[in-house]
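As structure tokens, the structure follows; a few thoughts come after it.
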Amino acid sequence: MTVPATPALDADLARLWLRGLGSRRDTAHRRLFVFPHAGAGAGAYRLAEHVPDTVEVCTVQLPGREDRFGEEALTSTDAVVAALAPLIAGRTELPYAFFGHSMGALVAFEVARGLRDRGAALPGRLFLSAMRAPGVPDREPLHHLPDDALLARLAADELAGLDPELQELLLPLMRADLTLCETYAPRAAAPLPCPFTVLHGTGDDTVGEADLAGWREHTAAGCDTHRFPGGHLYVRDAQPQLARTITRTAPAWG
């Protein structure tokens with residue numbers, strides 16, 4: 001039996017996917033949607049602690065992580081957009097922006113295109129961090145590796161410092177997220193009418209200047225670049241500085 005949609009069910013679903021939604025109901029003038037990197041959940045981002053209370057931060061919680069660990073992780077941007085675009089389209093009463101890091105940058109970009117397809121209000125700016133531009137091939141795909149080889153690669157980087165049992169537990173999630181990134185193929189579409197800010201760590205050896213430059217082709221509203229000290233996961237240590245960079249542009253969101 002199909003359960004009919006109701007405002008209460010829609011609100012519950014939105015809170016499941018968009019953590020922080022409604023947290024600044026009385027003070028927010030703008031909203032920032034945050035899209036985490038591969039393997040990460042909403043708990044990895046603390047941007048709400050570093051922005052004024054006039055900005056409500058809503059961090060995407062995809063299936064397969066943190067309190068959604070028991071759910072199957074999604075392996076394509078199409079599946080993520082199908083779930084997220086309707087939820088965000090119903091929360092655009094405030095001017096808003098997107099921030100996505102690594103995998104999250106691809107997801108943010110495709111959700112913005114999905115919102116355009118739906119005729120919804122678009123983000124005032126996309127902040128796209130540490131991810132090669134759409135259409136730039138991955139340098140060294142990993143998602144197809146056997147478990148032991150993939151775990152060895154991840155244990156030296158994304159999963160470094162974690163207990164070996166936890167690394168094994170997280171391996172299916174990491175494989176799903178890598179599959180999403182490495183099999184992503186953007187469809188042909190007109191550039192978005194939203195300005196972009198491309199962000200990256202100066203010591204990131206996984207994404208180079210040439211990989212980032214292609215983002216300019218996907219916006220008709222201008223693209224600037226901002227660099228932070230650190231490697232691919234510079235966001236772990238730079239959230240206060242990142243929040244300042246994002247909120248400096250807030251008046252231009254609308």
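The values are calculated or read from the model by the stated rules, or taken from the named source; none is laboratory data. Here the structure is a predicted model, which means the values were calculated and not measured. Glycine gets a Cβ as well: all are built from the backbone with ideal geometry, and neighbour counts include every protein chain shown. These area figures cover heavy atoms from the full protein model, side chains too; ligands, DNA and RNA do not enter into them. Shrake-Rupley method; radii C 1.70, N 1.55, O 1.52, S 1.80 Å.
Got the relative contact order for the chain handy, in percent, Cα pairs under 8 Å and 6 or more residues apart? Don't skip to the answer; put the middle values down first.
Working: 422 pairs, mean separation 50.1, N = 254.
That works out to 20 percent.
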Over region 158-254, what percent of the accessible surface lies on carbon and sulfur atoms, probe 1.4 Å? 55
Kindly report the accessible area of region 16-118 per residue (heavy atoms of protein chains, probe 1.4 Å, no ligands, DNA or RNA), in Å². 36
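Classify the chain as rounded, prolate or oblate, taking a ≥ b ≥ c as the square roots of the eigenvalues of its Cα gyration tensor: rounded when a/c is under 1.5, otherwise prolate if a/b is larger than b/c and oblate if not.
Rounded shape, in that the Cα axes give a/c under 1.5.
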Cβ-Cβ cut-off under 14 Å around Thr59, Lys and Arg +1, Asp and Glu -1: the net charge is +4
For Asp53 and Gln241, what is the calculated FRET efficiency with R₀ set at 22 Å and r taken between the beta-carbons, to the nearest 0.05? 0.70
Would you grab the residues whose amide H sits under 5 Å from the one on Gly230? Only those 5+ places off in sequence or on another chain, please, with H modelled 1.01 Å from N. Thr202, Gly203
Region 42-112-region 213-254 distance, computed between alpha-carbon centres (Å): 16
Once label points are set 7 Å from the Cα along Cα→Cβ at both Glu168 and Asp205, what is their separation, rounded to one decimal in nm? 2.9
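For Cα pairs less than 8 Å apart in space and 6+ apart in sequence, what is the mean separation divided by the residue count of region 35-102, i.e. the relative contact order in percent? Mind dumping the intermediate values first?
Details: 50 pairs, mean separation 24.9, N = 68.
It comes to 37 percent, rounded to a whole number.
Multiply the residue separation of Ala83 and Glu140 by 0.36 nm, subtract the distance between their alpha-carbon atoms, and state the gained length in nm to one decimal.
On the way: separation 57, 0.36 × 57 = 20.52 nm, distance 2.88 nm.
Result: 17.6 nm gained on full extension.
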If the chain between Thr92 and Ala149 were fully extended at 0.36 nm per residue, the gain over the current Cα-Cα distance would be 16.2 nm
With label points built 7 Å along Cα→Cβ from the Cα atoms of Asp224 and Ala11, find their separation and express it in nm. 3.9
